[in-house]
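*Asks:* Please see the structure below; I have some questions.
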């Protein structure tokens, strides 16, 4: 008699994944500390080159033991393609497990380029240090936060030196982990390193690791993993330009991935373009709404029965109306007011109270971007007349909502549209085309749902003091969270 096998229910599978996750992490931590203790007793510190190599070999044994005990199965194709000389392993980046998987399948110790060590738990940091990993600041956030890390340009020299000493190198050209199963544009570093060191590049394609270890999740989902090691590439024989070289490596990896990983790229990608930084204004650069402060100053300076009646009406509309309708109501309140009267003394006010109005860390970010040569823009729903004063104060071009005026008097109407939601995104893309910007490698800062379209259109996105719903949503997409007080 044949027994009928029923598939696991969703609850049973979830419980299975929880138990497997507890088992995996327990085994991993136990092995991590046991091997670390053995390494210290056997090799000591990693100041000598020989010790570094021994720590790397010990790491391979640790990972082999972990994958054996945790029943991690990896289907590997193309191991015979790895040459005996030092090479640059270049792989797509799906999860934190990627370096472990690559070390397991290539069977060769290597130096790895990692995020700043302080991003990892203490025991992992010490392992990385003993293995001679190269800690790199991947973006402006990490450059400001981790002063001891190597900047990108200096990291290239360190990588070239490693290869010339006879050690292979692991690099993830995307620069960070993929989110939502979407291949990110490759940076030029892999081509620069390979060309300067005359080392072949071995592209590696990883699949299903983001299913096994989902982004921002601790619960593992046991599945069979796969890796394809493609033939080595000698970039100096591919093309005369670094840009074409790195795009060749990117295409090699694309060839083996599902089309869904790159068919719907939402971020305009111009590898030869410049970087830029885009900032929202209210609650991103400033601690509060600038327009409301300006209205309050005007009403205090022009006390009248008519102006006094506007305040309760505006408060009621703020409570009852959605954001867009409330904004239009606030603009209509300006009807009949002269622009010069409304803005009188505003620049002096924001200049005098700059420290109280603006977040210091955000102003530091603007300065840092400018020093790096990145173009900086402010894109806000605030009236353009207000933003002109902000632009003068910060030395940054500003783009906002254009208000209609006749003979120097506000009509209470908006010309075109409010600069929010998709209109912010459109403005960012317009600026990218005008200034030849690569949005995939640029930066953007916002705080609300009205910045979301803009945030999704730029490679390095950050949320400033976001509300819980947006914070959770942003984390799932790899947005950084900046807390300002």
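*Asks:* Condition test on residue 484, is it farther than 19 Å from residue 145 by Cα and surrounded by fewer than 18 Cβ atoms within 10 Å (Cβ to Cβ)? Please lay out each step first, then the result.
*Replies:* Values: farther than 19 Å from residue 145 by Cα: no; surrounded by fewer than 18 Cβ atoms within 10 Å (Cβ to Cβ): yes.
Considered against the rule, which asks whether it is farther than 19 Å from residue 145 by Cα and surrounded by fewer than 18 Cβ atoms within 10 Å (Cβ to Cβ), residue 484 comes out as no.
*Asks:* Just the residues that are touching a residue at least 60 places away in the same chain (Cβ under 8 Å), within 20 Å of residue 295 (Cβ to Cβ) and either surrounded by 22 or more Cβ atoms within 10 Å (Cβ to Cβ) or outside the structural domain of residue 330 (by TED's automatic domain parsing) (or both), please, taken from the stretch 411-449.
*Replies:* The answer is 420, and nothing else.
*Asks:* Under 7 Å between Cβ atoms, at least 6 apart or on separate chains: pull out the pairs that start in the stretch 56-70 with a residue that is over 11 Å from residue 104 (Cβ atoms) and end on any residue that is surrounded by 15 or more Cβ atoms within 10 Å (Cβ to Cβ).
*Replies:* 56/109; 56/131; 57/109; 58/35; 58/39; 69/27; 70/24; 70/27
*Asks:* Can you give me the number of residues within the stretch 58-78 that are in a helix (DSSP H, G or I) and surrounded by 12 or more Cβ atoms within 10 Å (Cβ to Cβ)?
*Replies:* Number of matching residues: 11.
*Asks:* Also, I was wondering about something else. Which of (1) in a helix (DSSP H, G or I); (2) touching a helix residue (DSSP H, G or I) at 6+ places or on another chain (Cβ under 6 Å) is the odd one out, the single condition residue 461 does not satisfy?
*Replies:* The number of the failed condition is (1).
*Asks:* Could you go through the stretch 136-147 and let me know if any residue there is crowded, with 16+ Cβ neighbours inside 10 Å and over 22 Å from the mean Cα position of the chain (by Cα). It would help to see each step written out before you state the result.
*Replies:* Step one: of the stretch 136-147, the residues crowded, with 16+ Cβ neighbours inside 10 Å are 136-143, 146.
Remaining after also requiring over 22 Å from the mean Cα position of the chain (by Cα): none.
For the stretch 136-147, residues crowded, with 16+ Cβ neighbours inside 10 Å and over 22 Å from the mean Cα position of the chain (by Cα): absent.
*Asks:* Go through (1) touching a residue at least 60 places away in the same chain (Cβ under 8 Å); (2) touching a strand residue (DSSP E or B) at 6+ places or on another chain (Cβ under 8 Å); (3) more than 30 Å from residue 12 (Cβ to Cβ) and name the single condition residue 133 misses.
*Replies:* (1)
*Asks:* Hey, any hits in the stretch 195-205 for a residue that's within 24 Å of the chain's Cα centre (by Cα) and closer than 27 Å to residue 368 by Cβ?
*Replies:* no
*Asks:* While we're on this one: Considering every residue within the stretch 377-391, establish whether at least one is modelled with pLDDT under 90, under 18 Å from residue 283 (Cβ atoms) and assigned to a helix (DSSP H, G or I).
*Replies:* In the first step, residues of the stretch 377-391 are kept if they are modelled with pLDDT under 90; the result is none.
No, the conditions are met nowhere in the stretch 377-391.
The values are calculated or read from the model by the stated rules, or taken from the named source; none is laboratory data. Please read all numbers here as calculations on a predicted model, not as lab measurements. Positions of Cβ are backbone-derived with ideal geometry, glycine not excepted, and every protein chain shown enters the neighbour counts.
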